[in-house]
Amino acid sequence: VKRIGILTSGGDCPGLNAIIRAVIKCATHKGWEVFGIPYGTQGFINLELGHCTPEDLRLKEHGYDVPGLLGGLDILQFLSGSILGALNKGNPSDPAISQEILQGFQRLNLDALIAIGGDGSLDIIDDLAQKGQWRWVAIPKTIDNDVPFTEISLGFDTAVNTVTRSLYDLTFTAASHDRIMVVQVMGRDAGHLALHSGIAGGADVILIPELTPSLNPSVIDQVCRQIAVLRQGGRRFALVVIAEGVRRPDGQKVASICDFLAQQIQVQSQTLCSSGNPKFCSLQEVDSRAIILGHIQRSGVPTAFDRLLAARFGREAVDLISQHHYNRLVVWENGEVASKPLTEVIPKIKDCHREKKCPDPVDPQGGLVQTAKE
Ligand code: F6P
């Protein structure tokens, strides 16, 4: 092996730069050249545009695009985002575009590629890799934590911490105004981020698509009854966390499901209160607010855990290539770094996409979702 490529694909997340740093360090230590491909596989097409010739793309020891003043390569691990850029759209189903990507890859003369991506990107890149007979290693990243076969993906821990801190911050304003804060958390169709941060942040109610696919009237009623219990016990505010993947009662996915829930909580509280049952008289004039945390969850300084994970994932990817073990996904399993053949991983991802079900990282019968069910 003399020269490898590295790219980040799909939505960004904290820790991508830490992985890029780890890969450059380990690869240059072996005497390899590392080429950074900008904006995911799209970068292979734009090689011809001139602004990213192989020469420009070489990630030098002192950092690519990072001013020397900042300390070059070593400062990278503290920065969120991806210095390579990331793209979460593309048109791999268009054969002309695939062809251009494959030609670009060939022109770079890479011995292997390290691609950092979520479930969607890995599926797309695997398809290209098969067509172009690429030798590649995948590293899982996503704040959604929904890549199968790995217990944790890069970026998830930082996102959990960001949401947990936001819940803490919201607690005091909620308490001052006796309000019900309905907080919408990212995760696409998965509830891992909402569940982990909801528990860590002391949420009173957590709604995730795995357990509550849609907000039917009985769900709203249960939420209000829980608020009534809190109020009877003397606590007048509440934090309700809802994963963005939870749908409206008609099954429709909407951008702001928290708005719907916040409004329905007020309506149903009033209905329960008017029922005359003394249990619900505390629900008079319930005041709710909807908060979408949004893309703040994708940024933030990577936690120590994510930086360590990045260091271990990056090193494992380089080691796999040096041992000529290609077409594998680096994973975290039982507290250790390991790898799985993509021939096992990709069909699982495809199944989940086909069934429109969210892949549970490791054991669909176990884990925190099961605990929440109990
Ligand atoms: O997959 C990561 C994620 O942040 C999801 O949690 C979220 O639904 C989506 O990406 C947002 O994507 P975009 O950056 O295109 O708005």
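Read-outs throughout are calculated quantities, based only on the coordinates presented, and are distinct from any laboratory measurement. All of these numbers come straight from a predicted model, not from anything done at the bench. FYI the Cβ positions are ideal-geometry reconstructions off the backbone, even for glycines, and counts take in every protein chain you see.
Expressed as a fraction of 2.2 N^0.38 Å, the value expected for a compact globular protein of N residues, the C-alpha radius of gyration of the chain is 1.10. Both the radius of gyration and Dmax for the range 144-266 are 14.3, 44 Å, in that order, over alpha-carbon atoms. Taking the dipole about the Cα centre of the chain, with the C-beta of Lys and Arg at +1 and of Asp and Glu at -1, give me whichever of Leu342, Thr212, Ser176 is farthest to the positive side. Of the listed residues, the answer is Ser176.
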